[in-house]
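The structure under discussion appears below in the form of structure tokens.
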Amino acid sequence: MAPTALLSVSDKQQLVPLAEGLLRHGYRLLSSGGTAASLAAAGLPVTKVADHTGAPEILGGRVKTLHPRIHGGILASRADPAHAADLQAQGIDLIDVVVVNLYPFRQVVADPAVSWQTAVETIDIGGPAMVRAAAKNHADVAVLTDPDQYDGFLAALDGGRVDADLRRQLALAAFRHTADYDAAIATWLAGRIEAGDALAAGEAAAEAVGTGAVAPLKLELPARQSLRYGENPHQSATWYGEAAAGWGAAEQLQGKELSYNNLIDLEAALATVREFGYGEASASQPAAVVIKHTNPCGVATGASTAAALLRALDADRVSAFGGIVALNGPVDAEAAEHLAGLFLECVVAPAFSAEARQRLATKTNLRLLELPAVAIGRAQRRQLRSVLGGVLVQELDDQPIDPASWQVVSQRQPTEQELADLRFAWQVVRHGRSNAIAVAAGGQTLGIGAGQTNRVGSAQLALAAAGERARGAVLASDGFFPFDDTVKLAASHGIAAVIHPGGSVRDADSIAACDQLGLAMLVTGRRHFLH
């Protein structure tokens, strides 16, 4: 009897050429639903699964291929006489090639407004069952799960080389395909339950999965890109990520391929600029951030995106060289003019005008990334970091600040301008590596010290960068002051007010120093270490 190929695909790219190739090699085509209709429309002979099994599709298409004549034909071992006897007794034909890819679950749930019922109906049952059955029996069955495999498989048929090694490779790809699919479903389901969604039948989300037990971490992300190298040329690196969420949804308009370091710095830049809103003009204060080696070196707000950018660059022109720029509003021609005269690695913004793109097109190596605000909302709010033999997971530190919870602990009350400056400085300092210090005034950073092994060292760097501009400015610290030395140093440079989390056993010393030197001091009750 002629060999049989079972085809049931959601992605119908290259389906007809594959089917034509299989027919050319003497295969009988067996198919269901839309796949059968596509083959018939192309004039190809095809047997419908319902005709093959003698059982109609039922439950609105939920049950089509879940039948012994399908799974028996896929799973039967050619080397086992008992299997052959079972097939003969049940009248089941062998199936030699299985071509299946699954319902587009990821694409459907990429829409944050998708209904629970629509998502559930996009969960494939018969497809994964056939893929796993064929992959299990790869000693006798070839399984294709990706249109990119079709040409290579047909070439192997042409050369008579569908050998055990090829079937093993196809089986590996198949198990990865179903694992990725199940992980996508589990990730979406967990996210919706965590967000408080009601289940389709109105059931409450289960609160107890045990008594305080932590669920194991299952992470399956598609590979987006092999990077040229990691942090250094001798380190290999790969970028994994969802296509519709976070950086995976950014459109690179021009420039070289993104590097490992680019992506790390872009993440830091985006996190910082989002402090001031992102994307929607009505909800955003125009802001710009310049990042160098994950630390902000210039941050500013302004009356327009272009004005904010100019002020951020002017905050530290030396450090801006070779940096990463993030803006929270559209880049227009004026903003592009400020960017055009600099050497920068990347610029990210919600949008770029046609005039801006034209002006920056001459900088062929400059990477321009257009990242829509909606893509940020789709990203998981978990932060992962690897350690030797494991992974640490924590919630993102991106909660909005709450000035109403701050407390003035000094005798002198801050002025309205100082309060505004303190808020700005606090928004910035949380994005510098600890021990972080930010000096700011008028919606512009004047000096930033970060990543030092002691807080005084960071303050010295920030104050030295600010120079004379420190007089009348404010200073923010991401952690408390364990001694009064930082306050005294700030006062010696003319700082008018300071803000820090508080909580040191020696807070009183720093407060007393402020009162003696005439500084205002606020404590926030929340620290923002960034390692």
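Throughout, read-outs are computed from the coordinates displayed, never taken from laboratory work. All values reported here derive from a predicted model rather than from experimental measurement. Every residue, glycine as well, gets a Cβ built from its backbone with ideal geometry; the counts of neighbours run over all protein chains shown.
Excluding Thr301 itself, calculate the net charge of residues whose Cβ lies under 12 Å from the Cβ of Thr301, where each Lys or Arg counts +1 and each Asp or Glu counts -1. List each step's numbers first, then the result.
Working: positive: Arg311, Arg423; negative: Glu275, Asp421.
Every neighbour counted, the sum reads 0.
Place a +1 charge on the Cβ of each Lys and Arg in the range 411-506 and a -1 charge on the Cβ of each Asp and Glu, then give the dipole magnitude about the Cα centre in debye, rounded to the nearest 20.
Values: 9 positive and 7 negative charges, 28 e Å.
In debye, rounded to 20, the range 411-506 gives about 140.
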Query raised in the report: Quick one: net charge of Tyr278's neighbours, Cβ under 13 Å, K/R +1, D/E -1?
Result: -3
Query raised in the report: How big is the convex hull of the Cα atoms of the range 83-127, per residue, in Å³?
Result: 90 Å³
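Is there a quick way to get the dipole size of the chain? I mean about its Cα centre, with the Cβ of Lys and Arg at +1 and of Asp and Glu at -1; what is the value in debye to the nearest 20? The partial results should precede the final answer.
Working: 43 positive and 55 negative charges, 118 e Å.
Result for the chain is approximately 560 debye, rounded to the nearest 20.
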Report summary line: Candidate span helices, the chain: DSSP H, at least 27 Å along axis from Cα coords, Kyte-Doolittle average at least -1.0, result 164-194
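If Lys and Arg each add +1 and Asp and Glu each add -1, what is the summed charge of the other residues whose beta carbon sits under 11 Å from the beta carbon of Val100? Can you show the working numbers first?
Details: positive: Arg132; negative: Asp11, Asp124, Asp146.
Spelling it out: positives minus negatives among the neighbours equals -2.
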Report summary line: Diffusion coefficient in µm²/s returned for the chain by Stokes-Einstein, Kirkwood Rh over C-alpha pairs, 20 °C and 1.002 mPa s, is 79 µm²/s
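Is the C-alpha gyration tensor of the range 285-369 telling us rounded, prolate or oblate? Criteria: a/c under 1.5 is rounded; beyond that, a/b larger than b/c is prolate, otherwise oblate.
Values: a/c = 1.67, a/b = 1.15, b/c = 1.44.
It is oblate, given that a/c is not under 1.5 and a/b is not larger than b/c.
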Query raised in the report: Roughly what % of DSSP beta bridges within the chain run antiparallel, to the nearest 5?
Result: 55 percent
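Need one word for the range 275-432: rounded, prolate or oblate. Basis is the Cα gyration tensor (sqrt eigenvalues a ≥ b ≥ c); a/c below 1.5 gives rounded, then a/b vs b/c decides. The partial results should precede the final answer.
Details: a/c = 1.75, a/b = 1.24, b/c = 1.41.
Oblate, because a/c is 1.5 or more while a/b does not exceed b/c.
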**Report entry** Cross-link reach list, lysines versus Lys218, counting only Cα pairs under 23 Å and skipping chain neighbours closer than eight places
**Finding:** Lys136
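Can you classify the range 446-531 as rounded, prolate or oblate using the Cα gyration tensor, where a ≥ b ≥ c are the square roots of its eigenvalues, rounded means a/c under 1.5, and otherwise it's prolate if a/b beats b/c and oblate if not? If you can, show how the numbers build up before the last one.
On the way: a/c = 1.68, a/b = 1.08, b/c = 1.55.
Oblate shape, in that a/c is at least 1.5 and b/c is the bigger or equal ratio.
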**Report entry** Positive-end residue of Leu87, Ala2, Val108, charge dipole of the range 1-128 with Cβ unit charges
**Finding:** Ala2
Query raised in the report: By a straight-distance test (C-alpha under 13 Å), which aspartates and glutamates pair with Lys488 as possible cross-link partners, with residues fewer than eight away in the same chain excluded?
Result: Asp509, Asp515
Query raised in the report: Which value in nm describes the separation of the simple spin-label points at Glu280 and Thr238, placed 7 Å from the Cα toward the beta carbon?
Result: 3.8 nm
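Can you pull out the GluC sites (Glu not before Pro) in the range 222-276 that DSSP calls coil and that have at most 16 other Cβ atoms within 10 Å?
Details: sites: Glu231, Glu242, Glu251, Glu257, Glu267, Glu275; in loops: Glu231, Glu242, Glu257.
Counting only loop positions with at most 16 other Cβ atoms within 10 Å, the GluC sites (Glu not before Pro) in the range 222-276 are Glu231, Glu257.
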Report summary line: Summing -39500 (n - 2.57) over every DSSP H run of at least 4 in the chain, dividing by its residue total and rounding to the nearest 500, the 222 nm mean residue ellipticity is -11000 deg cm²/dmol
